[in-house]
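Everything on this sheet refers to the single structure shown next.
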Amino acid sequence: MKIIKDYTESDTIDVVEVIDAKYIADYSIEIYFNDNTMRIVDFKPFLSKSLHPSIAKYLNKDFFIQFELKNGNLNWNDYELIFPIYDLHEGII
């Protein structure tokens, strides 16, 4: 008997994570995920609509470009601003 496929190994990714992100221009970030997906997300519509000062402050590009990757998430200022990975993966926030 010859084993063709070992079903104990999974070819799918259980948890999608952000593995890299690069500032492009204006309020757009190119986001790379561990499932080989890449999305360019424009955050300006979301930021422009927000009336909350802790979110609207990211319209200042000096704050906006200071994002970092933490635990597979794209976040700003120690989770002050963070988005669901599913939304980022879909390219819609």
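A few points about this structure:
- In region 73-93, the residues that are at positive phi reach residues that are surrounded by 12 or more Cβ atoms within 10 Å (Cβ to Cβ) and among the β-branched types (Val, Ile, Thr) with C-beta atoms within less than 7 angstrom, at least six apart or across chains, in these pairs: GLY91/VAL41.
- Among the residues of region 55-72, those identified as at pLDDT 95 or above and of a type in the set (S, T, N, Q) are ASN60, GLN66.
- Test: ILE93 is at pLDDT 95 or above and either among the hydrophobic types (A, V, I, L, M, F, W, C) or under 14 Å from the mean Cα position of the chain (by Cα) (or both): no
- Residue that is surrounded by the fewest Cβ atoms within 10 Å (Cβ to Cβ) [pool: residues in region 51-88 that are over 24 Å from VAL15 (Cβ atoms) and of a type in the set (Val, Ile, Thr)]: ILE65
- Filter pass, ILE40 being modelled with pLDDT of 95 or more and surrounded by 13 or more Cβ atoms within 10 Å (Cβ to Cβ): no
- Checking ILE85, ILE93, ILE55 one by one, the residue that is out of contact with any strand residue (DSSP E or B) (no Cβ under 6 Å at 6 or more places or on another chain), among the β-branched types (Val, Ile, Thr) and farther than 25 Å from ASN34 by Cβ is ILE55 and no other.
- From the list TYR32, TYR27, the lone residue that is within 11 Å of LEU88 (Cα to Cα) and among the aromatic types (Phe, Trp, Tyr) is TYR32.
The values are calculated or read from the model by the stated rules, or taken from the named source; none is laboratory data. If you're wondering where the values come from, they're calculated on a predicted model, not measured in any experiment. Using ideal geometry, Cβ is built from the backbone for each residue, glycine included, and neighbour counts are taken over all protein chains shown.
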